[in-house]
Structures are given as structure tokens and as C-alpha cells.
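Enquirer: Structure provided below as C-alpha cells; questions to follow.
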Amino acid sequence: MSGFDLILEKKVSKTELKKAISESFNIPEQSIVITDDYIDTPLTDDVKLWCMANETQGDFLLVCQFFIRDKSIENCPEMISKKISCILGSTCLIPDDSLSPLTWIMISPDGSKKSVILDSDELDNDKYIIDKK
């Protein structure tokens, strides 16, 4: 199983999120499961993507963890995140390739991106706030 994290700037409903995921990953909505926690029962084989979505505080309000269960599904975090950001009209964050947990890539709905640094004290409290220093 592969996957990635995406943090949305705004809160959206599970229905809106599922539609955006379906369109961005090019998979049917019925093959997507969205939960707000780990699940106790095994997922069936028809579930191609599991998303754990949790609200948080800070500049970015919805943490989405994507678990891709089908190897045939395209898994390019930046491209997928640009699509989701555009569809939902929300800026988002994705991890960059650095070893630092504080540096992320911020993607705007228009597809532009820039590197940002998160406030370390706030991140320790699970708040995604861009460092203003």
C-alpha cells in the first residue's frame, strides 16, 4: 500500500472530498472509503483508496491521509494535489522531499506552488501554521 498526506486550507464535507478524490485519481466514488479514524474491520478488495480525514486547527484545517490499495492507480502526490486543490478551490500542503518535517510544498488552486516552513511549536500541537519569521 502506498500513499501520501495532504492538508487542506478549508474544511470540506466527506461528499465533496470523495468527489474530488474520485475525479483527481480517476477512480469511481464507490471504490473510495473516507473515515476519520483507523478502521477495525478489513477493507474489501473493491476499495481502491482509503482516505483518513481529520479536522485540525491552524492555517490548514483538514488533514487527509491517502492510502492507495491498487497499484494501477497513479500516485503522483504533486499532480493529484494540484487537481484536488483546483476542484475544491482550496490551497493545500503536501510534504516535500526533505528530511525536515517543517518544510512543505504549498499548492494553490491555480496550480502554483511554493516551499513553506511550518511553525515548529504549533506543529508539535498538530496545528499547521506557516512560520511568519
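Enquirer: Search segment 43-65 for residues that are among the acidic types (D, E) and pair each with any residue that is surrounded by fewer than 15 Cβ atoms within 10 Å (Cβ to Cβ) when their beta-carbon atoms are under 7 Å apart and the residues are at least 6 apart or on different chains.
Expert: E55/K11
Enquirer: Based on this model, can you work out whether E23 counts as outside any loop (DSSP other than H, G, I, E, B) and of a type outside the set (G, A, S)?
Expert: When the stated conditions are applied, E23 passes them.
Enquirer: What residue, of I94, I21, I68, is touching a residue at least 60 places away in the same chain (Cβ under 8 Å), open to solvent by less than 20 Å² (accessible area, probe 1.4 Å) and touching a Cys at 6+ places or on another chain (Cβ under 7 Å)?
Expert: None of the others qualify; the one that does is I21.
Enquirer: Looking at segment 52-65, which of its residues are surrounded by fewer than 20 Cβ atoms within 10 Å (Cβ to Cβ) and under 22 Å from I117 (Cα atoms)?
Expert: N54, E55, T56, Q57, G58, D59, L61, V63, Q65
Enquirer: In segment 81-96, is there at least one residue being assigned to a strand (DSSP E or B), closer than 20 Å to I27 by Cβ and not aromatic (F, W, Y)?
Expert: yes
Enquirer: Something else about it: Output yes when any residue across segment 25-33 is open to solvent by less than 20 Å² (accessible area, probe 1.4 Å) and polar (S, T, N, Q), and no when none is.
Expert: Checked segment 25-33: at least one residue is open to solvent by less than 20 Å² (accessible area, probe 1.4 Å) and polar (S, T, N, Q).
Enquirer: I'm told I7 meets every condition in (1) assigned to a strand (DSSP E or B); (2) modelled with pLDDT of 95 or more; (3) open to solvent by 40 Å² or more (accessible area, probe 1.4 Å); (4) not charged (D, E, K, R) except one. Can you identify the failing condition by its number?
Expert: Result: I7 fails condition (3) only.
To keep it simple, each residue is scored yes or no on (1) closer than 18 Å to F4 by Cα; (2) at pLDDT below 95; (3) surrounded by 18 or more Cβ atoms within 10 Å (Cβ to Cβ); (4) out of contact with any Cys (no Cβ under 9 Å at 6 or more places or on another chain).
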| site | (1), (2), (3), (4) |
| --- | --- |
| T15 | no, no, no, yes |
| D37 | yes, yes, no, yes |
| S85 | yes, no, yes, no |
| S100 | yes, yes, no, yes |
| W104 | yes, no, yes, yes |
| K132 | no, yes, no, yes |
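Enquirer: Taking the stated definitions as given, is S115 open to solvent by 80 Å² or more (accessible area, probe 1.4 Å), at pLDDT 95 or above and not aromatic (F, W, Y)?
Expert: Taking the combined requirement at face value, the residue satisfies it.
The values are calculated or read from the model by the stated rules, or taken from the named source; none is laboratory data. Bear in mind the structure is a predicted one, so any value in this text is a computation, not a measurement. So basically every Cβ, Gly included, is an ideal-geometry build from the backbone, and we count neighbours across all protein chains shown. Accessible surface areas use protein heavy atoms only, side chains included; no ligands, DNA or RNA. Shrake-Rupley method; radii C 1.70, N 1.55, O 1.52, S 1.80 Å.
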